Structures are given as C-alpha cells and as structure tokens.
Amino acid sequence: MANLKGKTILIGKEPGQGRLYVAVCGKVAALGAPGSVPASVSRCIPQQNVAHAQIEVDHQGNMTITNLKPANVTYVDGIEVMSKRITPSSQVFLGRDRYNLDLNTLLATAEKIVAVAEPASAKEFNISHLRQVWDDFHQKTIERQKHQQKLGLISSAGMLFTVGGGALMALGGKMGLDGFMQDLMPYLTAMGGIVFILSFVLRSKDKSIENTEKATEEFQDHYVCPNPDCNKFLGNLSYKLMKKQYGMQCPFCKCKFIEK
Ligand SMILES: [Zn+2]
C-alpha cells in the first residue's frame with residue numbers, strides 16, 4: 001500500500017478481451033478471465049486517461065473512489081456514489097450488473113505495477129540524521145544503567161549497616177563490650193534500616209522500566225529507513241555497524257543510503 005501513496009489507479013473493462021484493467025503510473029495489468037467483466041462496466045484506456053472509475057490514494061494512504069462518467073454507475077457498500085472515501089474492506093461494485101471489484105487483489109496488483117515502474121533501488125535517501133538518533137538512544141541507555149547501579153549501591157549500603165550493626169551488637173553483647181561502641185550499635189542498625197527503607201522507596205518510585213519502554217519505542221519509530229514508502233526499523237545496530245552491515249542499502253526496500 002505504501003508505494004501507492006500519491007497515485008491514481010484507473011479501473012475499467014479491457015477493450016476487446018473483457019478482463020478487468022488496472023492502470024497506474026501509465027502501466028496496465030489485466031485481472032480475471034476474458035469476458036469476466038460485463039458490458040455495463042466502461043472501458044479503461046490508460047493512454048487517454050479514460051476509465052470506469054479511479055481510486056486516488058493520498059499521501060496519508062486514504063483512498064477515494066470516483067465514478068468517472070455520469071453514464072457509469074459505481075456502488076460502495078450498497079450505495080450508488082459519484083465519489084466516496086473507501087477502505088480495503090469496502091464493498092465496491094461497478095456498473096448496473098454490479099461487477100464485484102476485489103479491492104485487495106486490485107490494490108496488490110497496483111502495488112506490483114508501481115514496484116516495477118518505480119523501483120526503490122533507483123532511489124537515494126540521506127541517512128546522516130540516523131547517527132544522532134542512535135547516539136541519543138545509546139546515551140539514554142547508559143544513563144539508565146548508571147541510575148540502576150546507584151540504586152543498587154544504596155540498597156547494599158542499607159543492607160551492610162543493618163547486618164553489620166546487628167552482628168556488632170551480638171558480638172559486643174557476647175564480649176561484654178561496653179561504652180561508646182555498644183551505644184553506637186543500635187544507631188548503626190537503625191541507620192541501616194532507614195537507608196534500606198529509603199532504597200525501597202526509591203525503587204518503588206523508579207520509572208526506569210517505563211522509561212526504557214518509552215525510549216525503545218521512540219528509537220524504533222525514528223531509527224527507520226528514510227524512504228517514506230518503506231520506513232522500516234533498521235534494527236538494534238549502531239549507526240556505524242548498520243552502515244557496514246547493510247552496505248549503504250535498505251535491506252527491505254533496497255533503496256540506496258547516502259550521507260550528506
Ligand atoms: Zn527501506
């Protein structure tokens with residue numbers, strides 16, 4: 001569907017043979033068996049821009065079907081229309097005999113015609129901006145890891161105080177240790193407990209999982225093939241490695257990558 005954006009598809013009866021003609025980019029394909037399209041469907045002559053109806057696909061991918069001659073009839077979801085927004089699941093019939101247009105086959109055929117007429121491999125797209133996209137993602141990942149380490153340290157310190165304080169207290173009790181040291185121990189234990197609780201609070205407030213998901217999603221939305229017909233995610237590869245791995249060509253649409 002992507003390569004049909006901005007295109008107009010002409011639909012009608014093949015002159016003579018009576019198959020369904022699908023024309024786009026000045027090229028045409030015939031669908032169905034000879035004679036399968038009734039006479040009430042108007043002819044499609046792409047050279048003269050003549051057809052029964054046309055489907056315009058805008059740059060957002062929205063489709064509008066238009067009946068091209070007042071003498072023609074086109075039905076969408078049971079209603080006769082002159083022009084109507086449609087989706088691939090719309091029921092479209094052409095002519096008084098209600099020839100059932102298989103929209104999915106028609107769109108797939110139009111896509112194939114465009115793919116041959118305008119191959120992506122002949123197109124070049126600048127990828128320089130992807131270096132920044134990767135660097136930002138990488139930087140955020142490192143920051144999150146550092147934050148996690150910090151939380152881990154606080155929690156370990158708490159554990160150390162609590163366990164250490166408790167052990168000293170037990171030891172001190174056994175050895176009959178008194179004075180300053182013994183007085184200090186409960187405080188150590190209490191402090192450990194506080195740090196321990198603090199680390200729990202910090203962890204419960206920690207948004208790092210949500211942040212990771214958000215950053216990953218954002219990265220996957222932006223680290224994509226710059227060909228608007230493709231826009232596929234290029235994978236978790238550094239900018240440098242990605243260029244090397246793919247040989248400056250999109251692995252999906254085969255367009256050429258250039259750096260400006
Ligand atoms: Zn691509």
Query - For region 2-118: rounded, prolate or oblate by the Cα gyration tensor [a/c cutoff 1.5] - result: oblate
Requested in this report: Using a 10 angstrom cutoff on alpha carbons, build the Gaussian network for the chain and name the most mobile of Gly18, Gly26, Gly192.
Outcome: Gly192
Query - Note, ³J(HN,Hα) from phi for region 134-143, Karplus 6.51, -1.76, 1.60, rounded to Hz, x at Gly and Pro - result: 5, 4, 4, 4, 4, 4, 4, 4, 5, 4
Report task. Show the residues, 5+ positions off or on another chain, whose built amide H is closer than 5 Å to the amide H of Arg43. Result -> Lys13
**Report entry** Estimated FRET transfer efficiency when R0 is 25 angstrom, pair Glu259-Lys232 (beta carbons, to 0.05)
**Finding:** 0.85
Report task. Give the relative contact order (percent, whole number) for the chain; include only Cα pairs under 8 Å separated by 6+ residues. Result -> 16
Query raised in the report: Taking amide hydrogens as modeled 1.01 Å from N in the peptide plane, which residues meet the under 5 Å criterion relative to Val73, leaving out close sequence neighbours?
Result: Gly95, Arg96
Report summary line: Taking 0.36 nm per residue of separation between Ile197 and Gln132 and subtracting their Cα-Cα distance, the length gained on full extension comes to 19.4 nm
Query raised in the report: Per residue, what accessible area does the chain have, given a 1.4 Å probe and all protein chains present, in Å²?
Result: 59
Query raised in the report: Of all accessible surface on region 38-152 at a 1.4 Å probe, what whole percent is carbon and sulfur?
Result: 50
Report summary line: Whole-Hz Karplus couplings 3J(HN,Hα) for region 28-39, θ = phi - 60° and coefficients 6.51, -1.76, 1.60, Gly and Pro as x, run 9, 9, 10, 10, x, 7, x, x, 6, 9, x, 5
Query - 0 to 90° range, to nearest 10: angle between helix 180-205 axis and the chain longest Cα axis - result: 10
Query raised in the report: So which of Lys5/Lys84; Lys7/Lys232; Lys112/Lys256; Lys27/Lys243; Lys232/Lys260; Lys112/Lys260 end up more than 29 Å apart by C-alpha?
Result: Lys27/Lys243; Lys112/Lys260
Query raised in the report: Check Ile9: other-chain or 5+ apart residues with amide H under 5 Å from its amide H, H built from backbone geometry?
Result: Ile55, Glu56, Val57
Query - Label-to-label distance, nm, for residues given as Gln149 and Glu218 (7 Å Cα→Cβ offset) - result: 2.2
**Report entry** Sites Gln91 and Phe252, calculated FRET efficiency, Cβ-Cβ separation with R0 51 Å, nearest 0.05
**Finding:** 0.95
Query - Mean Cβ count within 10 Å, highest first, over the residues of peptides 230-241, 198-209 - result: 230-241, 198-209
Report summary line: With only helices counted (DSSP H, runs n ≥ 4, each -39500 (n - 2.57)), the per-residue ellipticity at 222 nm for the chain, to the nearest 500, works out to -15000 deg cm²/dmol
Requested in this report: With θ set to phi - 60°, apply the Karplus curve 6.51 cos²θ - 1.76 cosθ + 1.60 along region 213-221 and write out the HN-Hα couplings as whole Hz, x wherever there is a Gly or Pro.
Outcome: 4, 5, 5, 5, 4, 4, 4, 5, 6
Query - Rel. contact order, % - alpha carbon contacts under 8 angstrom, at least six apart, region 125-258 - result: 34
Query raised in the report: Based on Cβ point charges of +1 for Lys and Arg and -1 for Asp and Glu, what charge dipole magnitude is obtained for region 2-118 about its Cα centre, in debye rounded to the nearest 20?
Result: 180
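The values are calculated or read from the model by the stated rules, or taken from the named source; none is laboratory data. What you see is a predicted model, and the numbers here were worked out from it, not measured in a lab. With ideal geometry, Cβ positions are generated from the backbone for all residues, glycine too; neighbour counts draw on all protein chains shown. Each accessible area value is taken on the protein alone, full model and side chains, heavy atoms only, with ligands, DNA and RNA left out. Shrake-Rupley method; radii C 1.70, N 1.55, O 1.52, S 1.80 Å.
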